[in-house]
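Colleague: Dropping the structure in here first, questions after.
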Amino acid sequence: MTNENKKKTSPSIDAWLREAKRDPEALQEGMYLVHNGTVRQTPKAKVRQGVDDGSLVTGMEFFYDAAKVEAAIAETKKMAGIFHARVWLNEGQLELGDDIMFVLIGGDIRPHVIDALQFLVETIKTTCVTEIEQKSDF
């Protein structure tokens with residue numbers, strides 16, 4: 001995991017798309033999907049498991065394993081119809097509303113692109129990152 005405590009500047013999705021469309025493989029792509037995860041006030045346990053302890057998220061520490069992220073991207077690019085996969089992850093101390101991640105997937109048809117986006121985001125969230133929510137009671 002990285003040890004930087006300073007959050008990064010978010011990328012330009014417009015620039016990412018321009019770059020992706022200049023790639024020779026872009027001629028085979030009919031769809032791009034972007035995922036933008038942000039720090040939300042509602043705790044993960046409440047959203048995912050329905051557990052409401054009355055707390056609210058006030059910030060988050062976020063770190064990732066770059067080698068695992070690269071492996072997840074490589075695995076995604078092996079999926080049927082996928083020609084483009086790009087990831088940006090923030091790190092360090094994040095505040096409410098800060099960008100956590102951006103993921104861009106380009107592929108031939110909608111089902112392939114949706115499946116690839118779901119696979120890559122899920123893999124990153126479950127095997128590549130550490131998220132530590134800071135909470136306070138209100």
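Colleague: ³J(HN,Hα) across region 40-49 via Karplus (A = 6.51, B = -1.76, C = 1.60, θ = phi - 60°), whole Hz, x for Gly/Pro?
Modeller: Listing the rounded values in order: 10, 6, 7, x, 4, 4, 6, 5, 8, 10 Hz.
Colleague: Count of lysine pairs in the chain with Cα atoms under 24 Å apart, counting only pairs 8 or more residues apart in sequence or on different chains?
Modeller: Qualifying lysine pairs in the chain: 25.
Colleague: A further question on this structure: Between (1) 89, 39, 29; (2) 52, 31, 25; (3) 43, 29, 24, which matches Cα extents along the principal axes in Å calculated for the structure shown?
Modeller: Of the listed options (1) 89, 39, 29; (2) 52, 31, 25; (3) 43, 29, 24, (2) comes from this structure.
Colleague: For labels at E131 and A26 in the simple 7 Å Cα→Cβ model, what's the distance in nm?
Modeller: 3.1
Colleague: Fewest Cβ neighbours within 10 Å first, please rank I73, I13 accordingly.
Modeller: I13, I73
Every number in this text was worked out from the coordinates using simple rules, so none of it is lab data. Everything numeric in this text was worked out from a predicted model, so none of it was measured. Methodologically, a virtual Cβ is constructed for each residue, glycine included, from the backbone with ideal geometry; neighbour enumeration extends over all protein chains shown.
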